[in-house]
Amino acid sequence: MSENIEQVRCLIIGSGPAGYTAAIYTARADLKPVMYQGMQPGGQLTITTEVENFPGYPNGITGPEMMEEFKKQAERFGTQVRFGVVTSVDLSKRPFVIVADDGKTLAAETLIIATGASAKWLGLESEKKFMGQGVSGCATCDGFFYKGQDVAIAGGGDTAAEEATYLAKLCKKVYMIHRRDELRASKAMQHKVFNTPNIEMLWNSIPEEVLGDDSGVTGLRVRNVKTGESRDLDVTGFFVAIGHQPNTDLFKGRLELDEMSYIRTKPGTTQTSIEGVFACGDVQDHYYRQAVTAAGTGCMAAIEAERFLGS
Ligand SMILES: Cc1cc2nc3c(=O)[nH]c(=O)nc-3n(C[C@H](O)[C@H](O)[C@H](O)COP(=O)(O)OP(=O)(O)OC[C@H]3O[C@@H](n4cnc5c(N)ncnc54)[C@H](O)[C@@H]3O)c2cc1C
């Protein structure tokens, strides 16, 4: 192999909780991991404020601070953390050949994919402005902050229905905003939503503007697409539940993906359809989508990579 190609035992793509946990474990197993951080160093948690459900932080911690701690811990054991995006992968033979936008080509004996998933947003300027200050993409993560308050949620699929019923247990009132006149969610989920007294459906409606001030969100302007009428909802939280996009474009046609484009792993493991390639975190999980589960599967990927190399 050419001298310009850097040989690595373990390459990790992605720097969220899954990637950093895989880095901590592989570094401590002396695999001298190299990590590419990607366009969002630290991953999704860097766009949130308080994280209160990650064990070990009894007083909570901000997402960016927590990810800085992950990075320090991974570097302490020798992980080479690099700023850069992986632009191509050749998984047709081992070692796998990976190209990054820092101009480097690497030959990796094992590959750990932790490229996560991106929450889809509506694209409103005000949504961006109040992100983490009343606008959230995760009810399980942030619902607790709105206990006893009125909130709104946009979406009409199973996740939106699931999150609306979750919020309804914590909040006084939940407005569920959907642009059509029926939900896409399964009949069972619809039944749950329609039988939850504190969820009010706003059909044929779209969020137009998130209203707020220095304290965060104070309301949501919603427009009925049939009548053209706008209405301001008095809410302190706004949840966007219109889906997630796994970051798997790089792997299309190279690894087995499921029907939603998530990487398929063998049940109970992080093994992908190619030996020596492991996937962890949200890129292979559309169900739990939590930092702690991402970290858990990052640990699994590292142990599996280490055993693969030893076998
Ligand atoms: C607003 C918000 C609030 C949240 N709050 C909480 C919370 O309070 N508690 C909780 O447990 N969970 C929370 N979550 C969910 C949590 O953030 C995710 O479950 C978790 O970050 C998933 O970790 P991950 O490592 O799989 O991927 P991600 O965090 O998505 O990280 C993916 C990484 O891959 C990198 N990457 C992608 N493509 C490439 C490439 N081509 N080359 C190199 N790198 C690449 C990105 O740069 C990024 O670093 C929240 C999510 C959001 C959006």
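The values are calculated or read from the model by the stated rules, or taken from the named source; none is laboratory data. Model, not experiment: these values are computed from the prediction. For neighbour counting, all protein chains shown are included, and Cβ atoms are generated from backbone atoms with ideal geometry for every residue, glycine included. All accessible areas refer to the heavy atoms of the entire protein, side chains included, with ligands and DNA or RNA removed. Shrake-Rupley method; radii C 1.70, N 1.55, O 1.52, S 1.80 Å.
With the checklist (1) under 22 Å from the mean Cα position of the chain (by Cα); (2) under 24 Å from Glu52 (Cα atoms); (3) aliphatic (A, V, I, L, M) in hand, flag the one item Val235 doesn't pass.
(1)
Out of Pro55, Pro41, Pro95, I need the residue that is surrounded by fewer than 15 Cβ atoms within 10 Å (Cβ to Cβ) and touching a residue at least 40 places away in the same chain (Cβ under 8 Å). Which one?
Every option except Pro55 fails the conditions.
Search segment 53-92 for residues being farther than 19 Å from Cys10 by Cα and among the polar types (S, T, N, Q), and hand back the single one that is farthest from the chain's Cα centre (by Cα).
Selected residue: Asn59.
Please list, ordered by residue number, the strands (runs of 3 or more DSSP E) wholly in segment 192-311 having 1 or more residues that are away from the ligand (no atom under 11 Å from the Cβ).
199-202, 205-213, 216-224, 230-233, 237-240, 277-279
Could you identify the single residue in Lys128, Lys169, Lys71 that is of a type in the set (Lys, Arg), under 19 Å from Pro17 (Cα atoms) and assigned to a helix (DSSP H, G or I)?
Result: Lys71 is the single residue among Lys128, Lys169, Lys71 that is of a type in the set (Lys, Arg), under 19 Å from Pro17 (Cα atoms) and assigned to a helix (DSSP H, G or I).
Kindly provide the set of residues from segment 249-308 that are within 21 Å of Arg9 (Cβ to Cβ), surrounded by fewer than 20 Cβ atoms within 10 Å (Cβ to Cβ) and among the hydroxyl-bearing types (Ser, Thr, Tyr), ordered by number.
Within segment 249-308, Thr269 is the sole residue that qualifies.
Can you give me the number of residues within segment 131-152 that are within 14 Å of the ligand (Cβ to nearest atom) and outside any loop (DSSP other than H, G, I, E, B)?
The total comes to 11.
Within the group Ala188, Ala161, which residue is within 21 Å of Asn204 (Cβ to Cβ), away from the ligand (no atom under 14 Å from the Cβ) and either out of contact with any Phe, Trp or Tyr (no Cβ under 9 Å at 6 or more places or on another chain) or acidic (Asp, Glu) (or both)? Reasoning before the result, please.
Values: Ala188 fails: within 21 Å of Asn204 (Cβ to Cβ).
Unique residue meeting the criteria: Ala161.
Restricting to segment 19-41, count the residues that are at positive phi and more than 6 Å from the ligand (Cβ to nearest atom).
Within segment 19-41, the subset at positive phi is 30, 32, 38.
Then keep just the ones that are more than 6 Å from the ligand (Cβ to nearest atom); that gives 30, 32.
Qualifying residue count for the region: 2.
Being open to solvent by 30 Å² or more (accessible area, probe 1.4 Å) and of a type in the set (Gly, Ala, Ser) is the filter; apply it to segment 98-120 and report the residue that is nearest to the ligand (Cβ to nearest atom).
Ser118
Could you check segment 58-82 and list, in sequence order, the residues that are open to solvent by 50 Å² or more (accessible area, probe 1.4 Å) and touching a Lys or Arg at 6+ places or on another chain (Cβ under 7 Å)?
Within segment 58-82, Phe77 is the sole residue that qualifies.
Return the pair list, or none, for Cβ contacts closer than 9 Å from residues in segment 292-311 that are over 16 Å from Leu111 (Cβ atoms) to residues that are among the aromatic types (Phe, Trp, Tyr), at least 6 apart or on different chains.
Qualifying pairs under 9 Å: Val292/Phe54; Thr293/Tyr287; Ala294/Tyr288; Ala295/Tyr20; Ala295/Phe54; Ala295/Phe70; Cys299/Tyr25.
Tell me, please, whether a residue that is open to solvent by 30 Å² or more (accessible area, probe 1.4 Å) and in contact with a helix residue (DSSP H, G or I) (Cβ under 6 Å, 6 or more places away or on another chain) can be found in segment 133-147.
Scanning segment 133-147 turns up at least one residue that is open to solvent by 30 Å² or more (accessible area, probe 1.4 Å) and in contact with a helix residue (DSSP H, G or I) (Cβ under 6 Å, 6 or more places away or on another chain).
Take the residues in segment 1-31 that are charged (D, E, K, R) and part of a loop (DSSP other than H, G, I, E, B), then tell me which one is farthest from Thr48 (Cα to Cα).
Restricting to residues being charged (D, E, K, R) and part of a loop (DSSP other than H, G, I, E, B), the top hit is Glu3.
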